[in-house]
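Below you'll find the structure, written out as structure tokens, and then a few comments.
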Amino acid sequence: MKILLTGYKGFIGSNMYNAIKDRHEVVGYDWGDPYVDIKEFDWVMHMGAISSTTETDVEKIMHQNFDFSVALYNECCENNVNFQFSSSASIYGLKKEFTENSPVDPRTPYAWSKYMFERYVNLHRPQNSLVQIFRYFNVYGPNEDHKGLQASPFHQFHKQFEEKGQVTLFENSDKYQRDFIHVDDVIDLQYRFLSVPESGVFNVGLGKTLSFYDVACLFTNDIKTVSMPEHLKHSYQEYTCADMTHTLNTLFKYFPPDKI
């Protein structure tokens, strides 16, 4: 199998690349690289994007996250190349339901770019190839160093503890519940879907939550609280929890639970 993997230098993309490079012929593609002939590939795993939820340059976000994704997707459809796309649970916004057909509420340019591409795919479905969209919840794990303040709480709190012996949280962080999933679990699930002959939108989480306070306590009890910055208040998700029913039911058709 020959796979084009975009965003292979990023957090999840680099972990995916390292996990599958010895199993298949994998070509990494990063933003600005020379053109690649899509016809050569069996699958495109499109993980490349501006992933910052606080990026305010809408034109930049739309150009790299939406316009490029549309062009890549259209070329896959024209050449019958299967397509996986890394979307985000951020499109659920401040809603409290997290099934794939729940109402969405994108609150940032990043979330809007993911939602708009999902909508484009829904309106332009391929005739002779697969398209699988994965809505990642809160992913953590190795290779997050480059993400700075966009890194997961696991990474940030560990770094704070190592540098200061203390962790800083927003006020009320004991009430902020998120669905955290390790990047290895994301990769295992998404890789298995390469062998699933079905298209669709699929949540990728654990289906259970931890508070930010719970995560901080994994490193230390020396915790300082600060007020949340104003620019985050309108879009900050206080609760996420993936409904994994559809994802697991689909996966278990081809990978029975006792074989995983």
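Just so it is clear, none of the values below were taken in a lab; they were calculated from the coordinates. Predicted, not measured: the structure shown is a model, and the values here were computed from it. Neighbour counts are summed over all protein chains in view; Cβ atoms, including those assigned to glycine, are modelled from backbone coordinates with ideal geometry.
Just a few scattered comments:
- Sequence-separation-based contact order of segment 65-137, relative, with Cα cut under 8 Å and 6+ spacing, percent: 46
- If you look at the Cα atoms of the chain, you get an Rg and a Dmax of 18.4, 56 Å.
- Hydrophobic, long helices, defined as DSSP H runs whose alpha-carbon span along the helix axis is 20 Å or greater and whose mean Kyte-Doolittle value is at least 0.0, do not occur in the chain.
- Highest-MSF residue in the chain out of V167, V81, V58 [GNM, Cα springs under 10 Å]: V58
- Extension gain, F255-E163: 0.36 nm per intervening residue step, less the Cα-Cα distance, totals 28.8 nm.
- When the Gaussian network model of the chain links Cα atoms closer than 10 Å, the mean-square fluctuations of K224, K208, K175 top out at K224.
- Cα gyration tensor category, rounded, prolate or oblate, for segment 31-135 with a/c compared to 1.5: oblate
- By the count of other C-beta atoms within 10 Å, a proxy for reagent exposure, L94, L130 are ordered fewest to most as L94, L130.
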